[in-house]
Amino acid sequence: MFIIGPAAVAIFLIFGTPEAALVGSALVTLVGTMVVARGQVLRAFRRQPPHARTRGLGPLRATGFPALVVAAAGCGMAFGACSVAVPAFANAYHGTRGLGGFLLAIWGFGSLVGGVLFGAFTPVRPLARQFPWLLGALGFTVGILALMPNPLALGIALTLGGATIAPVLTVHNALVGLVTPETMVNEGYTWIVTTSITAGSLGGALAGVIVDHAGPAWSFLLAGSGVGIAALVAAHPRAGLSARPDLAREPA
């Protein structure tokens with residue numbers, strides 16, 4: 001998604017057409033969906049007992065869950081905005097056709113490295129305390145892209161900054177599983193994914209308007225600000241993440 005996809009689109013743009021890239025993406029999505037749908041894991045799922053039903057706002061009533069929804073919105077908006085701003089930045093410098101896709105792939109490669117390093121070390125803080133700091137780091141690394149003077153500098157910044165993506169997504173998903181009541185897990189992750197995709201669409205649309213009128217730099221600032229606000233919400237005591245005893249314990 002973050003490495004092969006953008007690079008494949010860049011290759012399509014160099015040796016083919018944007019239409020071919022769209023058709024290729026659709027075919028990959030179709031094949032992937034069929035593989036997942038036929039998987040043994042899905043076939044082995046058991047329905048919850050009839051009495052275990054979600055009512056009203058469901059997981060939104062769980063302490064700490066609204067903060068995770070805000071985080072999904074902030075990250076989604078940032079990723080959507082950057083998916084527009086990075087190619088626009090590359091085009092502004094008359095780079096090679098497809099350079100924007102390769103820059104996004106480099107961002108994904110940084111995320112891969114960050115995820116491997118993050119998984120290799122035992123955290124010293126509970127997830128609820130790590131999360132605001134990780135969000136803040138992601139927001140900073142995205143916002144600072146506005147200061148990059150050329151595609152080379154942007155590529156270096158994307159590589160380094162991408163290292164924050166996988167840790168953020170890892171901790172975020174782990175917290176969703178911990179915060180959401182057991183009988184509402186499906187609803188919980190549906191809220192997160194839907195919010196992220198919706199915010200990504202909004203971020204991409206806003207970034208497109210901003211790029212046309214003010215340039216890519218302001219789109220990067222928009223993206224960084226969205227994640228920064230999510231970090232402040234997650235860190236606030238009223239958000240409930242730090243107030244839950246099950247999330248505030250030090251890792252074993």
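The values are calculated or read from the model by the stated rules, or taken from the named source; none is laboratory data. The shown structure was predicted, so the numbers you read here are calculated from the model rather than taken from an experiment. Please note: Cβ atoms are built from the backbone with ideal geometry, for glycine as well, and neighbour counts cover all protein chains shown. Note: areas computed on protein heavy atoms with side chains; ligands, DNA, RNA excluded. Shrake-Rupley method; radii C 1.70, N 1.55, O 1.52, S 1.80 Å.
Identify, from the list 178, 247, the residue that is open to solvent by 40 Å² or more (accessible area, probe 1.4 Å), at pLDDT below 95 and of a type in the set (A, V, I, L, M).
178
Kindly indicate whether residue 241 is aliphatic (A, V, I, L, M), open to solvent by less than 20 Å² (accessible area, probe 1.4 Å), outside any helix (DSSP H, G or I) and modelled with pLDDT under 95.
It is true that residue 241 is aliphatic (A, V, I, L, M), open to solvent by less than 20 Å² (accessible area, probe 1.4 Å), outside any helix (DSSP H, G or I) and modelled with pLDDT under 95.
Looking at the range 1-24, which of the residues that are part of a loop (DSSP other than H, G, I, E, B) and over 25 Å from residue 112 (Cα atoms) is least open to solvent (accessible area, probe 1.4 Å)?
So, considering only residues that are part of a loop (DSSP other than H, G, I, E, B) and over 25 Å from residue 112 (Cα atoms), the one least open to solvent (accessible area, probe 1.4 Å) is 16.
Could you please tell me which pairs satisfy a Cβ distance under 6 Å, a separation of 6+ or placement on different chains, a first residue in the range 1-18 that is in contact (Cβ under 8 Å) with a residue 24 or more places away in the chain, and a second residue that is buried (at least 16 other Cβ atoms within 10 Å of the Cβ) and in a loop (DSSP other than H, G, I, E, B)?
10/98; 13/98; 14/98
Quick one: how many residues across the range 89-111 are open to solvent by less than 90 Å² (accessible area, probe 1.4 Å) and assigned to a helix (DSSP H, G or I)?
15
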